[in-house]
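Working notes for the structure below.
The values are calculated or read from the model by the stated rules, or taken from the named source; none is laboratory data. Because the structure is a prediction, the values reported are computed rather than measured. Note: ideal-geometry Cβ built from the backbone for every residue, glycine included; neighbour counts use all protein chains shown. Each accessible area value is taken on the protein alone, full model and side chains, heavy atoms only, with ligands, DNA and RNA left out. Shrake-Rupley method; radii C 1.70, N 1.55, O 1.52, S 1.80 Å.
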Amino acid sequence: MDVPSVIEYAWRLPNVVHAQGQLFSCSTESTKQIMEAIKEHGLNRVIVAACTPRTHEPTFRDSLKEGGLNQYFFEFANIREHCSWVHSKEKEEATDKSKELLRMSLARALLLEPLQEFELPVDKRVLVIGGGISGMTCALSIASQGFDVYLIEKERELGGLARRIYYTIEGKDVQSYLRDLVKRVYSEPRIHVFLGAKILSATGYVGNFLTKIESERGVFEIRHGATVIATGAQEFKPNEYLYGQSDKVLTGLELEELIAKRDERVISAGAVVMIQCVGSRTEERNYCSRVCCSESVKNALKLKEINPNVDIYILFRDMRTYGFKEDYYREASKKGVRFIRYEPQKKPSVKLVKESGKELIRVTVFDPILEKTLEIDADLVSLAVAVIAPESNKEISLLYNAQLGPDDFFKEAHVKLRPVDFSTDGVYLCGIAHYPKHIDEAISQALGAAGRVITLISHDTVIASGSVCIVDEKRCMGCGACSEICTYGAIEIYETKQGKKARMNPVLCKGCGLCNSKCPTGAIQLQHYRDEQLFAQIDAANPEKEILEEVKKVAS
Amino acid sequence: MAGVSRLQYTPEIRIIRVMCSGRVDLAFVFRAFLNKMDGVYIGGCRLDECNYTTHGNYHALTMTLLAKRIMEHIGLYPERLRIEFMNASMGQYFAETVNEMVKKIKELGPVGVGEGMSEEELVRRIKEILRLVPYIKIVKREKLKTKLDKNSPESWNEFFTAEEIENLFKEIPSYYIEPEKCQACMTCARRCPVDAIDSKRGMVHVIDQDKCIKCGTCLDVCPPKFRAVTKLIGVNVPPPPPEEKRLIKREKEKEVA
Amino acid sequence: MSDVEGEAGDFRVTLVKKPRYIREDKCTGCTTCVEYCPVKIPDPFNQEISKNKAVHIYFSQAIPLITYIDENCLYLKEKKCKICEAVCKHEAIDFSAKPEKVEINVGAIILSLGFEPYDPRLRDEYKYGKFKNVVTSMDYERILSSTGPYEGEIRRSSDLRHPHKIAWVQCVGSRQVIEGGNSYCSTVCCTYTQKQVILTKDHDPEAECVVFHNDIRSYGKDFERFFQRAEVLPNVRFIRSYVNILKEDPVTNNITIRYSTPDGGVKDEEFEMVVLSVGLCPPKGASLVAEKFGIELNEHRFCKVDSFVPVTTSKKGIFVSGAFSGPIDIPESVFGSSGAATKCGELLNYRRGKLATQRVYPEERDVRGEEPKVGIFVCY
Ligand SMILES: Cc1cc2nc3c(=O)[nH]c(=O)nc-3n(C[C@H](O)[C@H](O)[C@H](O)COP(=O)(O)OP(=O)(O)OC[C@H]3O[C@@H](n4cnc5c(N)ncnc54)[C@H](O)[C@@H]3O)c2cc1C
Ligand SMILES: Cc1cc2nc3c(=O)[nH]c(=O)nc-3n(C[C@H](O)[C@H](O)[C@H](O)COP(=O)(O)OP(=O)(O)OC[C@H]3O[C@@H](n4cnc5c(N)ncnc54)[C@H](O)[C@@H]3O)c2cc1C
Ligand code: SF4
Ligand code: SF4
Ligand code: SF4
Ligand code: SF4
């Protein structure tokens, strides 16, 4: 590309008081040059014609700040990515195009306005909702880094689901870990536990939440800068396979409890059948509950340990003992646990029978490998039931603008890259409230959420971008087209003497500008991308007109 | 991506940056055609992969489909407008679709010329649409919000029908203040979002039809005891009363007294 | 990393920085040198499927986005050539660069060494490297990518044609207690295979895709729906069977796979390409790192972690994140990393903020009422 001719062209554009070439604009040397030029020539707009704003905009904005100029007076003309690199064989065209891009940038630059990024104070206290393993782990980590945590639990006891889990598949003692965890929580002076708690209301936004709770200790108003949702999940109670009708049919956790207590029924059992995917992977709950395959293998191994002669059958669709848990699946298999696959259209069936005076559960299942129907008489049947999201997630979701996914588990901001954030700033997520997972995974995620919380509250303020919307009340007709599409809840319609009007909460605005495109009257404008700024840029693409002169008029 | 990978594409395009394709206003599209741009290409993130929870790209999609129909309605080739969804690593796709579009547009010829339309006519038609953008946004608001099925792009084309657009333009209302009824209370003038109402104390109010964006606020707010504003469809707006006749009776009587 | 000394709160780590032979402060990433470099090498980023030059940018989103010189450089090998030095306008080429020793003092360490994809050459039966059109899933990831060896087109190496019938073989190197295999499940391959199937169908709606699997382990969030999405695509079959990669047609280089059918029989079917869904192995050099850092590895040679707190290693002040703690996918790596970071925060909290200084900017000039005065800077 012919850079000198682009520079020469720049000089011919209106209001240009300085134009120069730079070998490498983003180098420290060059940014210093920009800063000096601002001072020397009294520049109040700066255009850099280089590569991409995506990576380099912050660098140049910084030079403006160093030069004592509002950073929003900066404009990028991407002549590298949009011209020289992509039209490298057409030198002349690339040069001409660069000039046009420069002219378009200039048109916009003339209309740029100084904007302020505002700093919001951050309340350093944190609210953690849910006192299971995840909530407690998260609270402890935050508190140990010097911040106050309000841990609220709806039950009268901490611990959540883990209270019913006795050991992990690796054989670790969950109850003693849990006791220790609870003890650490109570002995940490920075953690304030509220049991029997219910959230009455919640308002506010990142850095400044206000939550009102009712608990055993009375009604409290809590101010906090961050919110962690760790409300866990529940065991599904099925109404099939005679569950609730025969005491020989249990859920996995119920069996686990019997095993832990060395219940006579377990010790004397001759045959135990475990049925997988009860309530999971169905039309109604179209997801895998993740923990149940391992839960069954774990129980099977324990049963074999207590009573090596017991016959165990695990009826499964796919064994999902992922990762290192596979080794335990293999071990169970080696120890004689029989794994029988069933197809969802040929689910096993159970019925109560009496054999020689003894009540048994007869399980019938079609084995696709042997290609025949098997009948197993079991003393106990354990159902690997689904893990389901608590009903109350819906309330929490509304209170904190924390979205739910299709199965009512909480939905993270980005599945891959932001797995503990919500798209609502200042609200975080961990544990099985996000999706079923094992204890170690829940702990890892709880620490992850703590890390994100600390990233926020270790600063005194959060900086909100200056490129947010503002409403010109006079122009607003109160139609609500803007507020209904802003999923960040940044726009509110309120009553005034002049009828309904839109009002912005600039802190919540993310600057996407959708509302601007929806507004029929142009009352709401995304600053830095205002209608007239973009119009000017569009107009300046037209080489025929003396547009710049017109823009100039508007600008002055 | 197309940039850093040095993917070559044709140099006709000028890229204007917005933070989300949802920011692309219906007015931008026609403003570009007014400026003799022969085509408009909107690039958004892949559907369901919007950087914002607003899913602006779905809105950009419905806006594009609507704009295409309007283009047809005023005699422009809808192929001059195109929307594509991609992510940062799809530079190749960007280059390909741009090349394809530029090729197509070269076949169509310059805007207006290709359609066999005189320049004045083109400008007149586009300006008319630009004037109606607020009205179109109000009437099509619900539909523009629709999240289309991303898996069946073949059905998108039918989302807005030619007939619907026909009706849209047939039913353009005008708001008119009946001189006999207006009591010059100034309510409408205060509330009109675009200051389209000429209001002088004691004088019949008059709507400047060129400024009016047809939002209907005046109709809604005119006090029920007066009901001076009417919505006219399909008829010409009567000319405003001459200045000397605008004095309101009540005031006139006072004057006499 | 060459050496570690000290303890939690005060580690001294010695790093050896390999020379890139390019001055980072001078190179603009213009790639003129790449154009002129005479040495073609198999592109390491693209699984050595396509070619790159001895001097090149590692990949198009590399940070920094500048070149480095590979050890295959003629000058480095035989002290001749230096063409790049002559063509670089920015004087960025620097053959005098030497490995640099860097000493850093840190309070805590996070090991994020990741994983090594399973090498199917370890077992003959996979025919990787023998049959031309047998690739690993890692190869296939690159083939699918728009910055990959074929610029986003799916091609096979034997004749560069677009294959229309592709088979995936699951659990390659995983879930097997045999020589050269891993006993554990690699957790990510079931789902990435479904992703690859979906992407393949996006590229070529006519393509026939067959996945030979054991269990389908869609245990993660929304994975089940993802599996169903892949499963119902036209011309996509999921077949539960072990396979035998039988033979390669000497003319077409197509591959025949033998598998069992639900009725107990076997069937031979020909494919134009076969993708091996390779598992995740511990990173290369794990043992060496473990030795130097004084941490323990588990029986699979991944990092041994606390059984309840999986970001904690056996040594105080050293944490782990990502796939080095065991086969996990991206989201789990990401939250675990944040977790490891917070653990460092707990350890070093007493001196938080001690190294930070506030940056002060000059006061902002009020430009209201000024005529616009524009400065334009054009980068060469
Ligand atoms: C059937 C089953 C078997 C399992 N087996 C194993 C296993 O073998 N090994 C293993 O590692 N993991 C297993 N798990 C997973 C393990 O239970 C969890 O990973 C672990 O308990 C993490 O819990 P949590 O803190 O995220 O949620 P929970 O333990 O559910 O805790 C959430 C807490 O939040 C409270 N809460 C909910 N809503 C509110 C509200 N609105 N306000 C205040 N408080 C609220 C609840 O009362 C509860 O105390 C199993 C889970 C299930 C369901
Ligand atoms: C074919 C395939 C497809 C996949 N697809 C997906 C998918 O679609 N979605 C998904 O979620 N996951 C997917 N995964 C899994 C995903 O790749 C991993 O979860 C993720 O890469 C783990 O990240 P990491 O940072 O822990 O490890 P890595 O990505 O392996 O990164 C480790 C880094 O450490 C460096 N390193 C190693 N040793 C040293 C040392 N001694 N000194 C300095 N640096 C060192 C390495 O060079 C490397 O850059 C896929 C995996 C494979 C094999
Ligand atoms: S720009 Fe986007 S985030 Fe901001 S108020 Fe408008 S719609 Fe909401
Ligand atoms: S869309 Fe415009 S007119 Fe309607 S409420 Fe919002 S700001 Fe007011
Ligand atoms: S319709 Fe709306 S824009 Fe037109 S005059 Fe009435 S209030 Fe004003
Ligand atoms: S994730 Fe699937 S393919 Fe990978 S090892 Fe586990 S079962 Fe096999």
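Within segment C:172-193, none of the residues are of a type in the set (Lys, Arg) and in contact with a strand residue (DSSP E or B) (Cβ under 7 Å, 6 or more places away or on another chain).
How many of the residues in segment C:20-55 are touching an Asp or Glu at 6+ places or on another chain (Cβ under 7 Å) and not hydrophobic (A, V, I, L, M, F, W, C)? Result for segment C:20-55: 8.
Scanning segment A:390-417 for residues that are under 24 Å from C:Ser338 (Cβ atoms), open to solvent by 20 Å² or more (accessible area, probe 1.4 Å) and in contact with a helix residue (DSSP H, G or I) (Cβ under 8 Å, 6 or more places away or on another chain) gives A:Gln403, A:Leu404, A:Val415, A:Lys416, A:Leu417.
It is to be established whether one or more residues within segment A:494-506 are within 19 Å of B:Ala60 (Cβ to Cβ), open to solvent by less than 40 Å² (accessible area, probe 1.4 Å) and away from ligand 6 (no atom under 16 Å from the Cβ).
If we filter segment A:494-506 for residues that are within 19 Å of B:Ala60 (Cβ to Cβ), which is where we start, we get none.
Checked segment A:494-506: no residue is within 19 Å of B:Ala60 (Cβ to Cβ), open to solvent by less than 40 Å² (accessible area, probe 1.4 Å) and away from ligand 6 (no atom under 16 Å from the Cβ).
Conditions tested, residue by residue: (1) open to solvent by less than 60 Å² (accessible area, probe 1.4 Å); (2) assigned to a helix (DSSP H, G or I).
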{"position": "B:Phe94", "(1), (2)": "yes, yes"}
{"position": "B:Thr97", "(1), (2)": "yes, yes"}
{"position": "B:Met101", "(1), (2)": "yes, yes"}
{"position": "B:Glu107", "(1), (2)": "no, yes"}
{"position": "B:Val111", "(1), (2)": "yes, no"}
{"position": "B:Arg125", "(1), (2)": "no, yes"}
{"position": "B:Leu130", "(1), (2)": "yes, yes"}
{"position": "B:Lys147", "(1), (2)": "no, no"}
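Go through the residues of segment A:530-550 one by one and say whether even a single one is within 16 Å of ligand 3 (Cβ to nearest atom), in a loop (DSSP other than H, G, I, E, B) and surrounded by fewer than 24 Cβ atoms within 10 Å (Cβ to Cβ). Talk me through it step by step, then tell me what you get.
Within segment A:530-550, the subset within 16 Å of ligand 3 (Cβ to nearest atom) is A:530-531, A:533-534.
This time we only want the ones that are in a loop (DSSP other than H, G, I, E, B), so: A:530.
After this cut, where a residue has to be surrounded by fewer than 24 Cβ atoms within 10 Å (Cβ to Cβ) as well, the list is A:530.
Yes: one or more hits.
Candidates C:Ser321, C:Ser314, C:Ser325: the one that is polar (S, T, N, Q), more than 8 Å from chain A (Cβ to nearest Cβ) and in contact (Cβ under 8 Å) with a residue 24 or more places away in the chain is C:Ser321.
Of the set (1) within 11 Å of ligand 1 (Cβ to nearest atom); (2) open to solvent by less than 20 Å² (accessible area, probe 1.4 Å); (3) not in a strand (DSSP E or B), all apply to A:Ile213 but (3). Restricting attention to segment A:151-199, the residues that are open to solvent by 80 Å² or more (accessible area, probe 1.4 Å) and among the small types (Gly, Ala, Ser) add up to 1.
Quick one: how many residues across segment A:1-33 are more than 28 Å from A:Glu93 (Cα to Cα), at pLDDT 85 or above and at the interface with chain C (Cβ under 9 Å from one of its Cβ atoms)?
Matching residues across segment A:1-33 total 1.
Beta carbons closer than 8 Å, at least 6 apart along the sequence or on distinct chains, never pair a first residue in segment A:272-298 that is in the same structural domain as A:Ile165 (by TED's automatic domain parsing) and over 23 Å from C:Arg229 (Cα atoms) with a second that is hydroxyl-bearing (Ser, Thr, Tyr) and crowded, with 24+ Cβ neighbours inside 10 Å.
Suppose the filter is more than 23 Å from A:Arg475 (Cα to Cα), away from ligand 3 (no atom under 16 Å from the Cβ) and in contact with a helix residue (DSSP H, G or I) (Cβ under 7 Å, 6 or more places away or on another chain); does B:Ile213 pass it? Spell out the reasoning first.
On the way: more than 23 Å from A:Arg475 (Cα to Cα): no; away from ligand 3 (no atom under 16 Å from the Cβ): yes; in contact with a helix residue (DSSP H, G or I) (Cβ under 7 Å, 6 or more places away or on another chain): yes.
Considered against the rule, which asks whether it is more than 23 Å from A:Arg475 (Cα to Cα), away from ligand 3 (no atom under 16 Å from the Cβ) and in contact with a helix residue (DSSP H, G or I) (Cβ under 7 Å, 6 or more places away or on another chain), B:Ile213 comes out as no.
In segment C:354-380, how many residues are at the interface with another protein chain (Cβ under 7 Å from one of its Cβ atoms), open to solvent by less than 90 Å² (accessible area, probe 1.4 Å) and assigned to a loop (DSSP other than H, G, I, E, B)? Number of matching residues: 8. When each of A:Ala402, A:Ala449 is tested for being touching a Phe, Trp or Tyr at 6+ places or on another chain (Cβ under 6 Å), in a loop (DSSP other than H, G, I, E, B) and either within 26 Å of B:Thr54 (Cα to Cα) or more than 8 Å from chain C (Cβ to nearest Cβ) (or both), the lone residue that passes is A:Ala402. None of C:Glu291, C:Glu299, C:Glu270 is open to solvent by 60 Å² or more (accessible area, probe 1.4 Å), in a strand (DSSP E or B), at pLDDT 95 or above and more than 22 Å from C:Glu141 (Cβ to Cβ) except C:Glu270. Note on segment C:139-154: residues that are buried (at least 18 other Cβ atoms within 10 Å of the Cβ), of a type outside the set (Ser, Thr, Tyr) and more than 16 Å from ligand 2 (Cβ to nearest atom) amount to 1. The single condition among (1) at pLDDT 95 or above; (2) open to solvent by 50 Å² or more (accessible area, probe 1.4 Å) that A:Gly480 does not meet is (2).
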